[in-house]
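Enquirer: Structure below; questions to follow.
The values are calculated or read from the model by the stated rules, or taken from the named source; none is laboratory data. Nothing here was measured: the structure is a model prediction, and the numbers come from that model. With ideal geometry, Cβ positions are generated from the backbone for all residues, glycine too; neighbour counts draw on all protein chains shown. Surface areas here come from the heavy atoms of the whole protein model, side chains and all, with no ligands, DNA or RNA. Shrake-Rupley method; radii C 1.70, N 1.55, O 1.52, S 1.80 Å.
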Amino acid sequence: MMTAAEIPLEHVLVLAVLLFLIGLTGVLVRRNVIFLLMSLEIMMNACGLAFVAAGARWADPDGQIMYMLVLSLAAAEVAVGLGLVLQLERRMRHLDIDAASELSG
Amino acid sequence: MTVGDLWVLAPYVIVTAGKLVHLLAVSFWRTPGVSLWTAVAVLVAGVVGLAVEAPEPSEILTGFMVVDGLTTFFNGLALVAALATAVFARTYLAGRSGEAEEFYILLVVATLGAMTMGAANHFAALLLGLEILSVSLYVLIGYPEEGHPPLEAALKYLVLSGVASTTMLFGIALVYMELGTLRFDAIGDPAGWSAITVLGHAMMIAGIAFKLSLAPFHMWTPDVYQGAPAPVTGYLATVSKGAMVIVITRYAVSTDLFSSDSAFNILLVLAVLSMIGGNVLALLQTNIKRLLAYSSIAHVGYLMIALAALARIASPDVAVETVLMYLAAYFAMSLAAFGAVSILSSSEASRDADHIDDLEGLFWRQPLASVVLTVSMLALAGIPLTMGFMAKFYVITTGVEGALWLLVWSLVIGSAIAIYYYLRVVIVMTRPAKEMVYPQNDAASLELTALTALGVTIMVFGIYPTPLITLVRTLLGLA
């Protein structure tokens, strides 16, 4: 069985950075609100992974505690986000965030 | 953690317990009145809790939170700002469709989040406080049932603030990976930081700059300020930004962050861009909420001078004092300005009275609101005998002491530009109204009393700031 100590920290860090960048690209490229929320979720999981890896490095529970906080934060954000998506769908009949832009000046 | 520590945490215990009572009260009597007055009672009890003297004062609670003068002063500001927001929201929501009960619940929860940020000495506390505040704000921004702008503003804020939070979190994870601690006071000073630690701090500063809407991370600010309901915009401009200012101040004091040249230079660029960019872009605005958004970008830029001075002057306490004095003035000025806009917008109309033409003839239609709006505009412009002048005087003195000439000159140039657009608002109010562009309304006396109190505060502390200075110095242990 492979334990956390055998996986080099650099590998986890690279994976976390890649996940973060995938999420960020998604937020920048996607225009559908559902996909924006999914991309945000990927970014948060990248942070979570980085915290767990960092906690493993120091053999310290703080990293895992931070991961649980990130997890609950992601859940709360998505709950509110989906609520707003429902409102958007009801009022605009679509989920395109670019079309929902009347504010400018 | 001992029982004695609970005394130190009195404001937090009171607001949290009051919150539960509030939720129960609203589930038994579902009327906006019960919700509003319970919220007001909880917030007032929180203010009273600030004065509780702990029998065994211990400032650091298990390294998680610090309740010192900085915390207490900010908690006072946040609670008073929440009170003002609750009062201004009353008729604003009454004139609109939908239920108003949850608004006040979310407002108190958001304030608890801001208070937690104000005491954060650990990244977990920062994360908790920040997200309690932000998630409540997403809902508050999108609260009105009708009209499209609030929904759009809430979605924009949710997505962009989510990106900023995750960027900051990733930065924190990198710092934790390198230094093995999440406590602010255990991070240590920047000498000898590895490349990853520096990168982590750069990501943290980017996330914080977004929350403070410092240029070039300010893109969301005008849209969200314009779309959000006027009382919420005032709350967003003051409490949400103020909490982050306290966090970065505490962090910079603990770690001496800005003694590192790279961090200092990033701050320098952010501050100069915000001061100049914010003021120049404000010139182009015809919507008063957007105008105030750009003005708030510039004001946070001025505030950054005090942070930059932290590492450059002999006693950092003076810089912290400047931060608190500026925050107090900024809170009073912004709340008065947005309070006036929400009073004018409290009618049956589905939009806010935020176009600059809506203000035409205001001196005759609503003399009191327009006088307070004038006072807040003059204060924001930094005219003497207002709190705004006192705050700017503090910042300039601190900047000169730290020999931050570039920043001080940016402030002077920015303020000169700013006078134009602040005075334009005042001039529009004196113009006779050509036609009634916005429905008439009679503001309720409670709102006008709160607005007048804010206006009087701006003038009184502008003319005689000694009590405020004494309070800040006592809290910081300087007196």
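Enquirer: Which residues, taken from region B:156-173, are at the interface with another protein chain (Cβ under 7 Å from one of its Cβ atoms), of a type in the set (A, V, I, L, M) and crowded, with 24+ Cβ neighbours inside 10 Å?
Expert: If the condition is that a residue be at the interface with another protein chain (Cβ under 7 Å from one of its Cβ atoms), of a type in the set (A, V, I, L, M) and crowded, with 24+ Cβ neighbours inside 10 Å, then B:Leu158, B:Leu169, B:Ala173 are the ones that fit.
Enquirer: Between a first residue in region B:290-308 that is more than 14 Å from every other protein chain (Cβ to nearest Cβ) and of a type in the set (Ser, Thr, Tyr) and a second residue that is surrounded by 24 or more Cβ atoms within 10 Å (Cβ to Cβ) and not in a helix (DSSP H, G or I), which pairs have beta carbons less than 8 Å apart while being 6 or more apart in sequence or on different chains?
Expert: Within 8 Å, the pairs are B:Ser296/B:Ser213.
Results for (1) among the aliphatic types (A, V, I, L, M); (2) touching a Phe, Trp or Tyr at 6+ places or on another chain (Cβ under 8 Å); (3) surrounded by fewer than 18 Cβ atoms within 10 Å (Cβ to Cβ), shown as yes or no for each residue.
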site	(1), (2), (3)
A:Leu40	yes, no, no
A:Asn45	no, no, no
A:Ala50	yes, yes, no
A:Met68	yes, no, yes
A:Val78	yes, no, no
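Enquirer: Given (1) touching a residue at least 60 places away in the same chain (Cβ under 8 Å); (2) within 30 Å of B:Lys289 (Cα to Cα); (3) away from every other protein chain (no Cβ under 14 Å), identify the lone condition not met by B:Asp223.
Expert: (3)
Enquirer: While we're here: All but one of (1) open to solvent by less than 60 Å² (accessible area, probe 1.4 Å); (2) in contact with a strand residue (DSSP E or B) (Cβ under 7 Å, 6 or more places away or on another chain) hold for B:Val318, so report the exception by its number.
Expert: (2)
Enquirer: B:Glu152: modelled with pLDDT under 95, in a helix (DSSP H, G or I) and in the same structural domain as B:Phe184 (by TED's automatic domain parsing), yes or no?
Expert: Working: modelled with pLDDT under 95: yes; in a helix (DSSP H, G or I): yes; in the same structural domain as B:Phe184 (by TED's automatic domain parsing): yes.
Yes; evaluated as a whole, the condition is true for this residue.
Enquirer: Another question, if that's okay. Among the residues of region B:321-352, write down those that are surrounded by fewer than 24 Cβ atoms within 10 Å (Cβ to Cβ) and farther than 16 Å from B:Val395 by Cα.
Expert: Answer for region B:321-352, where residues must be surrounded by fewer than 24 Cβ atoms within 10 Å (Cβ to Cβ) and farther than 16 Å from B:Val395 by Cα: B:Ser347, B:Glu348, B:Ala349, B:Ser350, B:Arg351.
Enquirer: Oh, and also: Have a look at B:Thr116, B:Thr85 and point out the one that is out of contact with any His (no Cβ under 8 Å at 6 or more places or on another chain) and away from every other protein chain (no Cβ under 14 Å). Give the derivation first.
Expert: Values: B:Thr116 fails: away from every other protein chain (no Cβ under 14 Å).
Within the list B:Thr116, B:Thr85, the selection yields B:Thr85.
Enquirer: Then there's this: Pick out the one residue from B:Ile383, B:Ile356 that is in contact with a Lys or Arg (Cβ under 8 Å, 6 or more places away or on another chain) and of a type in the set (Val, Ile, Thr).
Expert: B:Ile356 is the lone residue from the list that is in contact with a Lys or Arg (Cβ under 8 Å, 6 or more places away or on another chain) and of a type in the set (Val, Ile, Thr).
Enquirer: Enumerate the pairs (first residue in region B:355-380 and closer than 19 Å to B:Gln285 by Cα; second residue anywhere and among the aliphatic types (A, V, I, L, M) and part of a loop (DSSP other than H, G, I, E, B)) with beta-carbon separation below 8 Å, excluding pairs fewer than 6 apart on the same chain, so at least 6 apart or on different chains.
Expert: B:His355/B:Val437; B:Asp357/B:Val437; B:Asp358/B:Val437; B:Leu359/B:Ala353; B:Glu360/B:Ala433; B:Glu360/B:Val437
Enquirer: Looking at region A:41-75 only, could you name the residues that are within 8 Å of chain B (Cβ to nearest Cβ) and under 11 Å from the mean Cα position of the chain (by Cα)?
Expert: A:Met43, A:Met44, A:Ala46, A:Cys47, A:Val70, A:Leu73
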